[in-house]
1. Given 85, 56, 74, which one lies farthest toward the positive end of the charge dipole of segment 2-91, if we put +1 on the Cβ of every Lys and Arg and -1 on the Cβ of every Asp and Glu?
2. Per residue of the chain, what 222 nm ellipticity follows from adding -39500 (n - 2.57) for every DSSP H run with n ≥ 4, rounded to the nearest 500?
3. Under unit Cβ charges (Lys, Arg +1; Asp, Glu -1), what dipole magnitude, rounded to 20 debye, does the chain have relative to its Cα centre?
4. Defining a contact as two alpha carbons under 8 Å apart and six or more residues distant in sequence, what relative contact order in percent does the chain show?
5. Averaging over every viewing direction, what projected area does the convex hull of the Cα atoms of the chain cover, in nm²?
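What follows is calculated from the coordinates using simple rules that are stated; it is not laboratory data. In this text the structure is predicted, and so the values were computed from the model without any measurement. Here Cβ is always computed from backbone atoms with ideal geometry, including for glycine, and neighbour counts include all displayed protein chains.
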Amino acid sequence: MYIVELTYLQPVSAVDTQLEAHRTFLSTQYDREVFIASGPKDPRDGGIIIVSGKVSREELDAIIAQDPFYIHGLASYRVITFNPVKFIPQVAGLL
């Protein structure tokens, strides 16, 4: 699994110009069952995406490269790999 932390590189007003396209990008990955959860950080200086273990790191990098925030230089991405060893039973199928 992965946690992807986005940090905005531009003002929120610039980020908002690509927000709808970014949400479409997210929806595509949810439909593929690659992304598990996502949302803005508080304060809103970026966001978090939780990614299933269904993709390799190389595949995840290729997916990130399709994000409009990445394409337009609006955010940097920090990918954290982790292996969940304890979790509630309801999420076992997502891991």
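1. Of the candidates, 85 comes out farthest on the positive side.
2. Roughly -8000 deg cm²/dmol at 222 nm, from the helical runs in the chain.
3. Charge dipole, the chain, about its Cα centre: 260 debye, nearest 20.
4. Dividing the mean separation by the residue count of the chain yields 45 percent.
5. 6.1
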